[in-house]
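Some notes on the structure that comes next.
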Amino acid sequence: MTHPWLPNLSSKEDILKAMGKTENDLFSDVPKELMIKGELSLPHARSEYEVKMRLRELKDKNVELKYPPFLGGGVCPHYVPEAVKFIIGRSEFYTSYTPYQPEISQGILQALYEYQSLMAEILDMEVVNSSMYDWGSSLAEAVLMAFRINGRKKVIIPELINPLHEEVLRTWTEPRGIQLVKVRPNEEGTLDLDDLSRKLNGEVSSIYVEQPNFYGILEDNLETVVDLARKLKVVTIMGVNPLSLSLIKPPGEYGVDIAVGDGQELGIPLNYGGPYMGIMAVRWDARLVRQMPGRIVGKTKDENGRQGYTLILQTREQFARREKATSNITTNEALMAIANAVYISLLGKNGFKELGEEIYKRSHYAMRKIVKELGYSRKFQGDFFEEFEINLKNYDKVHNALLRHGIHGGLKLSDTSSLLCVTEVHSKKAIDEMVSVMKEVM
Amino acid sequence: MWRQALWDEPLIFEINKTGSSRQGIMIPKEDIEDDVSIPDSLRRKEIDLPELTENEVVRHFVRLSQMNYGVDTGMMPLGSCTMKYNPKSEELAQTITEDYHPLQDESTVQGTLEMVYETQEWLKEVTGMDECSLQVPAGSAGELAGVIMMRKYHLGKMSHKDEMLVADTAHGTNPASASMGGYKVVYIKSNEEGLVDVDLLRSTVSERTAGFMLTNPNTLGLFEENIAEISKVIHEKGGLLYYDGANLNGILGIVRPGDMGFDVVHLNLHKTFGVPHGGGGPGAGALCAKGEMARYLPYPIVKKADGKFTLYKPERSIGKISSFNGNIGNVARAYVYILGLGKEGISEIARLSTLATNYLIYKLKDSNLELRSPDRPRKHEVVFSAKRIYDETGVSALDIAKGLLDEGFYAPTIYFPPIVEEALMIEPTETESIETLDMFANALLKIIENAYKNPDRLRQSPSNTAVSRLDQTKANHPSTVTPSYKVEKLRLLLKNDLILK
Ligand SMILES: Cc1ncc(COP(=O)(O)O)c(C=O)c1O
C-alpha cells in the first residue's frame, strides 16, 4: 500500500526489522480489550480529483447569491485582494509554528510586529498583542483582565451590545462570578448617560462600550463615559470595528484602558464563522500590559548587534505560569494578523480613509432610499457606520422575496426589524435592486 | 550547506522615504450624492500608515517569508505540536466556506452544513464519543469549554465540587483552563515510570473533585496503561474524566478516548487533522462528549433532519465560546484531510507516527541523551533529557536546539514537560520519510559529539539563520521593551525616557 502523504507506509516492515521490533511491540502497553476492533466507519480514501468533485457537489448545494449578502452583525462581506491571499499563502508563513526559535523565524516575527504596529496606529494605543480568537473572546479576556486588576465583579455593558459578543462574554465569565449590568440606550441609540451614572459605582470592575454598537450607531459621548469611569477606578474597555476608525476617533484618543475588536473587516473572508481575528490592545501602563493575555512580539538586537524580533513578556503565559497564567490561549489567529497587516499596508493612509468614506456613503445611500421609497422607519435616530436597522412590516416576507431574487437581505432582529450591512462590495445597482424587490412585497 | 536568507528589510513604515502619496489598492467608487459626513465631534485626525504600491508591499512580505521556516521547508520535530505535512488539496476546501456569512439563511448553505455534519460524524467515530461541537476555535478554548461543561453539570446535580485534578505531565493549558473555569488546581505527581500514580490519585480524589484532566499518551509520549482503573477511581467519586486530545496522533486508529472512559475530549484539528499552523494559528478545535455530557456542548452543532441540515443548540448547552460557528474555514481543511486519507489512511496514522518516534529512539540509543523508562515504547513523541550532556559539557538543551537550526532543521520543543530536566521533546510525525529521520538523527548525534569536542562553538550557534541569538534582556526590560512602532517613535521623542511602569 502507498499513500501520497505517508512516505514510510511501504517500508514499515523494513524499518521494524531494522529495529528488531514488531508493530505489536510498539503498542504492547495499550490494553487489548480497549483497542479498536474491526474497521472504523469512515469513507474510503479519495484521490485529489475525487475530493475536488465532492467539494463541487457540496458547493452546488449552496445557493449562489447574486450579490454578497447584506449581512453584518459583527462580520461583514468585503473584497479581499489577491495580494493578501498570496502573502498569507506563502508556505514559509502558512506552515510555520509559533516562533519559539526566533533566529530562524524573523520573517513571521517582523510581520507580526508590523501587524501590532499598524493596529497600534489605527487604535492609537501603544501595545497590541498578536491576536485572540475573535471579538467575543477578546472582550471576555478583557473583562477577566479587569477582574484580576481590581477584584471587583460587576461589569457594565450596553443594552445594544452585539448579542453574540454578550453570549461569549457570559460563557467565559460566569464561572468567575462576574455579574453583567446593562445600560439603556436613549432615542438616538447611544448610551443613556443618566442610566449609566446611576449604575456606575465603586463596585464596578469595568465598563464596556461598543463603537459602533450592534445597531451600527456611533456613540458620541464617550469622553464623558471614560471620565466617569476613571474617577471610580473602573477599567474602560472599548470594542471597535477597526474599519470605522478610518473616519472616527480611535480608542486611544479617549484614553480607554483596553481596546478589543475583530480584524475580519481588514482582509479576512467570511469563512462561515471563522477564522477571524481577535484584536486586543492596551495603554502604555505596566499594570495593564502584565495582565494582558496572548503573544506579543518585541524589537531587540542579536549578539552581533543586528536588529531582530522575538516574543516578549512570556512570563504571563500558560507554559510558564500554568494555573496563574493570564490566560490559557496558545494557538491564536497569527496568520490572520498578517492578513490584516498586508491589507492595511496596501490600503495605506489614503486608501484606508477612502474605503471608510465609500462605505459610509453607500450605507447612508441605502438607508435613505429605504426610508424614502418604502416609508420604513428606524428605531434609533443616531448616525451610523456600515450597518443600520430598519423597521419593516414583515421580515420573513421581505426576506423570502429577496431570496427568490438571489439576494440575501439583512439580519432578522425580530419579526419586524432588520439589520442591514452595506460595504464596498455592494454596488449602487445591487442596492437599487434590493430596494425595488422590497417595494414589490410591501 | 543550508543557509537562511537574510534581507536587511526595513519596517513597513520606513520603505517610502519620499513621503509621496502611494496606494496599493484602488477603492471602487459609486457616483452617489455625498452630502453625508461624520459629525465633527467624532472625526478622527490623521493616521500614520505606510504609503506603498502593491508591488512594494508584496516584495516586502515575500522577503520576510524567506526569513521564516515552515514544515514545507523542512522537518519541525516540535513535540506536542504535531508538525505534519499539510496536504495542498486542503486549499480546495475554501470554495465552500470563504464567501459564506455565518448568519446566512440555512437554506442557502446546505452544502457547507453537510460538510460540517460529516466532519462531526467522522470525529465522533474516531473518538468514540456521542456528539461533537466544532464551535471551539482552538484546543485551549476547547479545554475551557470542557471545564465549564463539567462545572455546569455538577452545579445541576447540586454537588459542590471545587477542585480540578491535573497530571503533572499536563500541558500548561490544562491548569490554566481549569483555573479560568473557577477551579482550584491539584496536581497529580507522576510515578517513577512517568505514568499517573494511581495510588496517589486514589488518595487525592474526594467529593470535592470535579474531574481529572489527562492526556493519553501523556506528554512524555507514554500510554497510560492503567486508564481503565483511573477512570473507575474518578467516576466512583462522581468526578468526570477530561481528555486533552490536542494530539491524537499517537492513538488515532488504535484506541478511542470514548472507549477508555473519558467523558469530554477536545481535539486540535490543526495538529492531528492536518490543518496548517499559520505561524501560531488559526487552528480549529472540536469538543466531543459522551452520554449526558453531550447535552452541555457549546453550540451551534449541525444536525440532520428530514434530509435538511440545521444548526441547533443542545438542551443544556453552556452557550458560545466563540462569536459564530467556529473556525469553519479550517474545519473544511480537516474534512479534505480525512477524506484524502480515508479509513485506510486514518488507521495508519498512530502506527506510522509511533514507528517514526521509536525509530528515532533506536537511532539515538547510544547517545548520551537519557530516557525515563527506556524499555517502554513511546507513541507519537519522546522526551529525552540532555542533563548528562549538560553536566559533562555545559551544553544545554537550548544549545542543542540552536545547533539543530544550523543543520537546517527546526528545533524540538525544549524544557517541556517541566518534570524532565534539560528536556528535548521530539515529535517526528508520520509524514517524515525514513531518509529525513536518518538525517535528523545523524545531525543530533553530530551535535552531541561536538558538545564534547567544541562546546563553546555550540553555545554560540546558530549562525546559519537570519540572525544569531537575541538579547532577551533588552527585549523584556521595562526601560527598553518595544512592542510597536508607536513606542519606537515615543522613545525617540522622549529620548529613551519611556519606562513601562
Ligand atoms: C497537549 C496539548 N494540549 C493543549 C494544547 C492547546 O491547544 P491550542 O494551542 O490549540 O489552544 C496543546 C497545543 O498547543 C497541546 O499540545
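Here's the yes/no breakdown for (1) over 14 Å from the mean Cα position of the chain (by Cα); (2) more than 7 Å from chain B (Cβ to nearest Cβ); (3) modelled with pLDDT of 95 or more:
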| residue | (1), (2), (3) |
| --- | --- |
| A:LEU245 | yes, no, yes |
| A:TYR254 | yes, yes, yes |
| A:GLY273 | no, no, yes |
| A:LYS299 | yes, no, yes |
| A:PHE319 | yes, no, no |
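Could you check B:ARG43 against (1) touching a strand residue (DSSP E or B) at 6+ places or on another chain (Cβ under 8 Å); (2) touching a residue at least 40 places away in the same chain (Cβ under 8 Å) and say which number it fails?
Only one criterion in (1) touching a strand residue (DSSP E or B) at 6+ places or on another chain (Cβ under 8 Å); (2) touching a residue at least 40 places away in the same chain (Cβ under 8 Å) is unmet by B:ARG43, namely (2).
Quick one: in the stretch A:306-323, of everything that is more than 19 Å from B:GLY181 (Cβ to Cβ) and assigned to a loop (DSSP other than H, G, I, E, B), which residue is nearest to the ligand (Cβ to nearest atom)?
Selected residue: A:LEU313.
Quick check on A:LEU313: is it at pLDDT 95 or above and over 30 Å from A:GLU389 (Cα atoms)?
Spelling it out, it is not the case that A:LEU313 is at pLDDT 95 or above and over 30 Å from A:GLU389 (Cα atoms).
Would you confirm whether or not the stretch B:67-84 contains a residue that is away from the ligand (no atom under 16 Å from the Cβ) and part of a helix (DSSP H, G or I)? Lay out the reasoning, then the answer.
Quick first cut of the stretch B:67-84, residues away from the ligand (no atom under 16 Å from the Cβ) only: B:67-70, B:72-75.
Then keep just the ones that are part of a helix (DSSP H, G or I); that gives none.
No, the stretch B:67-84 contains no residue that is away from the ligand (no atom under 16 Å from the Cβ) and part of a helix (DSSP H, G or I).
List, please: which pairs have Cβ atoms under 8 Å, are six or more places apart or on different chains, and start with a residue in the stretch A:233-261 that is more than 12 Å from A:MET119 (Cα to Cα) and end with one that is open to solvent by less than 10 Å² (accessible area, probe 1.4 Å) and basic (Lys, Arg)?
none
Examine the stretch B:126-139 for a residue that is touching a Gly at 6+ places or on another chain (Cβ under 8 Å), facing chain A (nearest Cβ under 8 Å), hydrophobic (A, V, I, L, M, F, W, C) and within 16 Å of the ligand (Cβ to nearest atom), and state whether such a residue exists.
Yes: the stretch B:126-139 contains one or more residues that are touching a Gly at 6+ places or on another chain (Cβ under 8 Å), facing chain A (nearest Cβ under 8 Å), hydrophobic (A, V, I, L, M, F, W, C) and within 16 Å of the ligand (Cβ to nearest atom).
Do we find that B:SER179 is within 16 Å of the ligand (Cβ to nearest atom) and either in a loop (DSSP other than H, G, I, E, B) or facing another protein chain (nearest Cβ under 10 Å) (or both) in this structure?
Answer is yes for this residue.
Scan the stretch B:210-230 for residues that are in contact with a Phe, Trp or Tyr (Cβ under 9 Å, 6 or more places away or on another chain) and either within 14 Å of the ligand (Cβ to nearest atom) or at the interface with chain A (Cβ under 10 Å from one of its Cβ atoms) (or both) and jot them down.
Of everything in the stretch B:210-230, those that are in contact with a Phe, Trp or Tyr (Cβ under 9 Å, 6 or more places away or on another chain) and either within 14 Å of the ligand (Cβ to nearest atom) or at the interface with chain A (Cβ under 10 Å from one of its Cβ atoms) (or both) turn out to be B:MET213, B:LEU214, B:THR215, B:ASN216, B:PRO217, B:THR219, B:PHE223, B:ILE227.
Please tell me if B:ARG333 is open to solvent by 20 Å² or more (accessible area, probe 1.4 Å) and under 20 Å from the mean Cα position of the chain (by Cα).
Yes, satisfied.
Could you list, in sequence order, all residues of the stretch B:122-169 that are of a type in the set (Gly, Ala, Ser) and buried (at least 24 other Cβ atoms within 10 Å of the Cβ)? Even if it seems obvious, please write down each step before you answer.
To start, the set of residues in the stretch B:122-169 that are of a type in the set (Gly, Ala, Ser) comprises B:128, B:133, B:138-142, B:145-146, B:156, B:159, B:167.
Selection gives B:SER133, B:ALA138, B:GLY139, B:SER140, B:ALA141, B:GLY142, B:ALA145, B:GLY146, B:ALA167.
Kindly indicate whether any position in the stretch B:111-120 is at pLDDT 95 or above, crowded, with 20+ Cβ neighbours inside 10 Å, closer than 25 Å to B:LYS237 by Cα and within 10 Å of chain A (Cβ to nearest Cβ).
Checking the stretch B:111-120: not a single residue is at pLDDT 95 or above, crowded, with 20+ Cβ neighbours inside 10 Å, closer than 25 Å to B:LYS237 by Cα and within 10 Å of chain A (Cβ to nearest Cβ).
Of everything in the stretch A:329-353 that's more than 7 Å from chain B (Cβ to nearest Cβ) and surrounded by 24 or more Cβ atoms within 10 Å (Cβ to Cβ), which residue is farthest from the ligand (Cβ to nearest atom)? It would help to see each step written out before you state the result.
Keep residues of the stretch A:329-353 that are more than 7 Å from chain B (Cβ to nearest Cβ), which gives A:337-341, A:343, A:353.
Still in the list and also surrounded by 24 or more Cβ atoms within 10 Å (Cβ to Cβ): A:337-341, A:343.
Details: A:ALA337: 16, A:ILE338: 18, A:ALA339: 19, A:ASN340: 20, A:ALA341: 22, A:TYR343: 25 Å.
Ranking the qualifying residues of the stretch A:329-353, first place goes to A:TYR343.
Report yes if B:ALA246 is open to solvent by 10 Å² or more (accessible area, probe 1.4 Å), hydrophobic (A, V, I, L, M, F, W, C) and within 13 Å of the ligand (Cβ to nearest atom), otherwise no.
Yes, satisfied.
Please indicate, with yes or no, whether at least one residue in the stretch A:281-294 is over 24 Å from A:THR95 (Cβ atoms), assigned by TED's automatic domain parsing to the domain that holds A:ILE161 and within 16 Å of the ligand (Cβ to nearest atom).
Taking every residue of the stretch A:281-294 in turn, at least one turns out to be over 24 Å from A:THR95 (Cβ atoms), assigned by TED's automatic domain parsing to the domain that holds A:ILE161 and within 16 Å of the ligand (Cβ to nearest atom).
Does A:ASP134 fit the bill of being among the acidic types (Asp, Glu), farther than 25 Å from A:ALA325 by Cβ and either modelled with pLDDT under 95 or in contact with a helix residue (DSSP H, G or I) (Cβ under 9 Å, 6 or more places away or on another chain) (or both)?
In short, no.
With respect to the numbered conditions (1) touching a residue at least 60 places away in the same chain (Cβ under 8 Å); (2) among the aromatic types (Phe, Trp, Tyr); (3) open to solvent by 10 Å² or more (accessible area, probe 1.4 Å), which one is the sole condition not fulfilled by A:TYR208?
(3)
Open to solvent by less than 10 Å² (accessible area, probe 1.4 Å), more than 14 Å from the ligand (Cβ to nearest atom), under 28 Å from B:GLY194 (Cβ atoms) and not hydrophobic (A, V, I, L, M, F, W, C): which single residue out of B:GLY283, B:GLY258 fits that description?
So the residue among B:GLY283, B:GLY258 that is open to solvent by less than 10 Å² (accessible area, probe 1.4 Å), more than 14 Å from the ligand (Cβ to nearest atom), under 28 Å from B:GLY194 (Cβ atoms) and not hydrophobic (A, V, I, L, M, F, W, C) is B:GLY258.
So B:LEU103 ticks every box in (1) out of contact with any strand residue (DSSP E or B) (no Cβ under 8 Å at 6 or more places or on another chain); (2) in a loop (DSSP other than H, G, I, E, B); (3) away from the ligand (no atom under 16 Å from the Cβ); (4) within 7 Å of chain A (Cβ to nearest Cβ) but one. Which box is left unticked?
Only one criterion in (1) out of contact with any strand residue (DSSP E or B) (no Cβ under 8 Å at 6 or more places or on another chain); (2) in a loop (DSSP other than H, G, I, E, B); (3) away from the ligand (no atom under 16 Å from the Cβ); (4) within 7 Å of chain A (Cβ to nearest Cβ) is unmet by B:LEU103, namely (1).
Of the residues B:ARG351, B:ARG378, only one is touching a residue at least 24 places away in the same chain (Cβ under 8 Å) and either open to solvent by 20 Å² or more (accessible area, probe 1.4 Å) or assigned to a strand (DSSP E or B) (or both); which?
Only one candidate qualifies: B:ARG351.
Starting from residues that are surrounded by fewer than 15 Cβ atoms within 10 Å (Cβ to Cβ) and assigned to a loop (DSSP other than H, G, I, E, B), keep the ones in the stretch A:64-87 and report whichever is farthest from the other protein chains (Cβ to nearest Cβ).
In the first step, residues of the stretch A:64-87 are kept if they are surrounded by fewer than 15 Cβ atoms within 10 Å (Cβ to Cβ); the result is A:64, A:66, A:82, A:86.
Restricting the remaining residues to those that are assigned to a loop (DSSP other than H, G, I, E, B) gives A:64, A:66.
Values: A:GLU64: 9, A:LYS66: 12 Å.
Among them, the one singled out is A:LYS66.
I'm trying to understand the selection: among the residues of the stretch A:10-48, which are open to solvent by 30 Å² or more (accessible area, probe 1.4 Å), outside any loop (DSSP other than H, G, I, E, B) and under 24 Å from B:ASN226 (Cβ atoms)?
A:GLU23, A:ASN24, A:ASP25, A:LYS32, A:GLU33, A:MET35
Please go through the stretch B:17-57 and pick out each residue that is open to solvent by less than 30 Å² (accessible area, probe 1.4 Å) and either farther than 30 Å from A:GLU219 by Cβ or more than 8 Å from chain A (Cβ to nearest Cβ) (or both).
Listed by number, the residues that qualify are B:GLY24, B:GLU51, B:LEU52, B:VAL57.
Being within 16 Å of the ligand (Cβ to nearest atom) and among the charged types (D, E, K, R) narrows it down to one residue among B:LYS290, B:LYS304, B:LYS308, B:LYS271; which is it?
B:LYS271
Taking A:THR326, is it open to solvent by less than 50 Å² (accessible area, probe 1.4 Å), at pLDDT 95 or above and outside any helix (DSSP H, G or I)?
On the way: open to solvent by less than 50 Å² (accessible area, probe 1.4 Å): yes; at pLDDT 95 or above: no; outside any helix (DSSP H, G or I): yes.
For A:THR326, the condition - open to solvent by less than 50 Å² (accessible area, probe 1.4 Å), at pLDDT 95 or above and outside any helix (DSSP H, G or I) - is not met.
How do the helices (runs of 4 or more DSSP H) wholly within the stretch A:111-221 filter down when requiring 1 or more residues that are within 28 Å of A:ALA286 (Cα to Cα): which remain?
Answer list for the stretch A:111-221: A:135-150, A:163-173.
The values are calculated or read from the model by the stated rules, or taken from the named source; none is laboratory data. What you see is a predicted model, and the numbers here were worked out from it, not measured in a lab. A quick note on method: Cβ atoms are made from the backbone with ideal geometry, for glycine too, and the neighbour counts reach across all protein chains shown. To get the accessible areas, we keep the full protein, side chains included, count just its heavy atoms, and leave off ligands, DNA and RNA. Shrake-Rupley method; radii C 1.70, N 1.55, O 1.52, S 1.80 Å.
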